[in-house]
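Below is one structure, written out as structure tokens, with a few remarks after it.
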Amino acid sequence: MNSQELTHFLQQLHYPNLEKTLEELHLLGRIHVNNAHASIELLTSNNDSFTTLKTFLERTLQHRFNQLDIHAKTPEDHAMQYGHTAQPNNRAPYAKNIIAVTSGKGGVGKSTVSVNLAISLAKKGYRVGLLDSDVYGPNIPRLTNTDTERIRWNDNNQMIPSENFGLKIMSVALTTPRSDTPLVWRSSVAVSALIQFLEDVAWGTLDFLVIDMPPGTGDIQLTMAQELPITAAVLVTTPQIVATDDVSRAIMMFKDIGVPMAGIIENMSYFIAPDTKIRYNIFGSGGGERIAQKYDVPFLGSIPLDMEIREASDSGEPPSALGSSEQKQYYDTLVEQMEAHVSFAL
Ligand SMILES: Nc1ncnc2c1ncn2[C@@H]1O[C@H](COP(=O)(O)OP(=O)(O)OP(=O)(O)O)[C@@H](O)[C@H]1O
Ligand SMILES: [Mg+2]
């Protein structure tokens, strides 16, 4: 294998557990082969991802070369090289700030947090759009009581977003014959649909575009990071999975592709018995804070497991708009914490 062949080989490799190649993630620096000695420079942004990738490449290449020198580019020149992902496209120039609500695993409460976070922002007088980017499991319309609406177009051939609770709302579920029609799309089609939602929807001017992400670290997350200058990503987790690889993987992916993290929110964190008001830390306490410390990202707070949150959400009555003052407080506090840690453009 000569330098060119090794470069080509590395470009096609997928980053462990991600659907993107090393080339798409811009992780390859100078690559050089001299007889049986290969030197590979990696443009990873932190130690964890460097170690992951180095171990993976050593395993993949050890039988091909006598000597393998895998090193990270030094931080000074690294910052310049990282330009590609640090300067993503901007498909949403109408939005002053873009907040992506993400998680490593499914079912932790991203959609619930997205809706109520968006409403808490709107209550402060901001103009807020809410984009459901979970094309395979869209549930923003149900959570915002807009699921009987269907897509309409304006004279400029733009889709008109639904409106409720002071939000402009767009979801693929508004475009299907019924909101529960399943979509069987390849991810490339899903990605094009989302780009259309960014470009061809009459959002008007927005102070915040809140994006409810699908679970995990796949194509849609990477596309969003490449196509939008995300101001801040909020990572939702639950105490059970706080210590799992999925959370670390999600944090590392965002660090790697240059998306700033607003911080971590621990959802379904503890349980308050409705009758006695006694607080139970069913899954222990402090997990979210520990993981935030470990990865040096802010901890934005915890929201309890509350039966009313689930019931109200499922019937399209978001707690941040229609709940008790305590429930409103959880999401209003999240907004306060975010404003304390991120300098938003307003
Ligand atoms: N704090 C909470 N207390 C009680 N139930 C909650 C809470 N947060 C979310 N839920 C419930 O948990 C379930 C999953 O929440 P949600 O759909 O928001 O998760 P998700 O991360 O968006 O899931 P997916 O990965 O499938 O998109 C829902 O039934 C929701 O009502
Ligand atoms: Mg969801």
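The values are calculated or read from the model by the stated rules, or taken from the named source; none is laboratory data. Computed from a predicted structure; not experimentally measured. All Cβ positions, glycine included, derive from the backbone under ideal geometry; neighbour counts span all protein chains shown.
Here are the criteria: (1) surrounded by 24 or more Cβ atoms within 10 Å (Cβ to Cβ); (2) in contact with a His (Cβ under 9 Å, 6 or more places away or on another chain). Tell me which single one Met213 does not satisfy.
(2)
If you check Thr231, Thr237, which single one turns out to be touching a Ser or Thr at 6+ places or on another chain (Cβ under 7 Å), in contact (Cβ under 8 Å) with a residue 60 or more places away in the chain and outside the structural domain of Leu53 (by TED's automatic domain parsing)?
Residue meeting the stated conditions: Thr237.
For the stretch 265-295, which residues satisfy the criterion of being within 20 Å of the chain's Cα centre (by Cα), touching a residue at least 40 places away in the same chain (Cβ under 8 Å) and within 22 Å of Gln327 (Cβ to Cβ)?
Ile265, Asn267, Met268, Gly288
What strands (runs of 3 or more DSSP E) lie completely within the stretch 132-223 and have 2 or more residues being on the phi < 0 side of the Ramachandran plot, touching a strand residue (DSSP E or B) at 6+ places or on another chain (Cβ under 7 Å) and within 13 Å of ligand 2 (Cβ to nearest atom)?
Output list reads 206-212.
Within the bounds of the stretch 24-44, is there any residue that is among the hydroxyl-bearing types (Ser, Thr, Tyr), surrounded by 14 or more Cβ atoms within 10 Å (Cβ to Cβ) and touching a Phe, Trp or Tyr at 6+ places or on another chain (Cβ under 7 Å)?
Looking for residues that are among the hydroxyl-bearing types (Ser, Thr, Tyr), surrounded by 14 or more Cβ atoms within 10 Å (Cβ to Cβ) and touching a Phe, Trp or Tyr at 6+ places or on another chain (Cβ under 7 Å), one finds at least one in the stretch 24-44, hence yes.
Can Ser39 be described as part of a helix (DSSP H, G or I), of a type in the set (Gly, Ala, Ser) and under 18 Å from Asp69 (Cα atoms)?
no
Can you tell me which residues in the stretch 296-338 are among the hydrophobic types (A, V, I, L, M, F, W, C) and either free of Cβ contacts under 8 Å to residues at least 24 places away in the same chain or closer than 13 Å to Leu117 by Cα (or both)? Full working, then the answer.
Of the stretch 296-338, the ones among the hydrophobic types (A, V, I, L, M, F, W, C) are 297, 299-300, 303, 305, 307, 309, 312, 321-322, 334-335, 338.
Within the stretch 296-338, Leu300, Ile303, Ala312, Ala321, Leu322, Leu334, Val335, Met338 meet the criteria.
Any idea which of Ala321, Ala292 is in the same structural domain as Phe165 (by TED's automatic domain parsing), more than 14 Å from ligand 1 (Cβ to nearest atom) and at pLDDT 95 or above? Break it down stepwise before answering.
On the way: Ala292 fails: at pLDDT 95 or above.
It is Ala321.
Of these, Ala72, Ala95, Ala100, Ala118, which one is buried (at least 19 other Cβ atoms within 10 Å of the Cβ), modelled with pLDDT of 90 or more and either of a type in the set (Phe, Trp, Tyr) or away from ligand 1 (no atom under 16 Å from the Cβ) (or both)?
Step by step, each of Ala72, Ala95, Ala100, Ala118 is checked, and only Ala95 is buried (at least 19 other Cβ atoms within 10 Å of the Cβ), modelled with pLDDT of 90 or more and either of a type in the set (Phe, Trp, Tyr) or away from ligand 1 (no atom under 16 Å from the Cβ) (or both).
Within the stretch 121-139, restricting attention to residues that are among the aliphatic types (A, V, I, L, M) and within 14 Å of ligand 1 (Cβ to nearest atom), which residue is surrounded by the most Cβ atoms within 10 Å (Cβ to Cβ)? Break it down into steps so the answer makes sense when it comes.
Start the filter on the stretch 121-139 by keeping residues that are among the aliphatic types (A, V, I, L, M), which leaves 121-122, 128, 130-131, 135.
Keeping just the survivors that are within 14 Å of ligand 1 (Cβ to nearest atom) gives 130-131, 135.
Values: Leu130: 32, Leu131: 29, Val135: 21.
Of everything passing the filter in the stretch 121-139, Leu130 is surrounded by the most Cβ atoms within 10 Å (Cβ to Cβ).
Can you confirm whether the stretch 266-273 contains a residue that is out of contact with any Ser or Thr (no Cβ under 7 Å at 6 or more places or on another chain) and within 30 Å of Asn17 (Cβ to Cβ)?
Within the stretch 266-273 (the criterion being out of contact with any Ser or Thr (no Cβ under 7 Å at 6 or more places or on another chain) and within 30 Å of Asn17 (Cβ to Cβ)), the answer is no, since none of the residues qualifies.
For Glu326, are the conditions met, namely being closer than 17 Å to Val128 by Cβ, in a helix (DSSP H, G or I) and either outside the structural domain of Leu167 (by TED's automatic domain parsing) or more than 19 Å from the chain's Cα centre (by Cα) (or both)?
No, not satisfied.
For the stretch 265-318, give me the residue count where each residue is within 16 Å of ligand 2 (Cβ to nearest atom), under 17 Å from Val108 (Cβ atoms) and surrounded by 17 or more Cβ atoms within 10 Å (Cβ to Cβ).
6
Would you say Ala100 is in a helix (DSSP H, G or I), closer than 30 Å to Tyr270 by Cβ, within 16 Å of ligand 2 (Cβ to nearest atom) and in contact (Cβ under 8 Å) with a residue 60 or more places away in the chain?
no
Name the one entry in Gly258, Gly204, Gly216, Gly287 that is more than 15 Å from ligand 1 (Cβ to nearest atom) and within 27 Å of Lys168 (Cβ to Cβ).
On inspection, the qualifying residue turns out to be Gly204.
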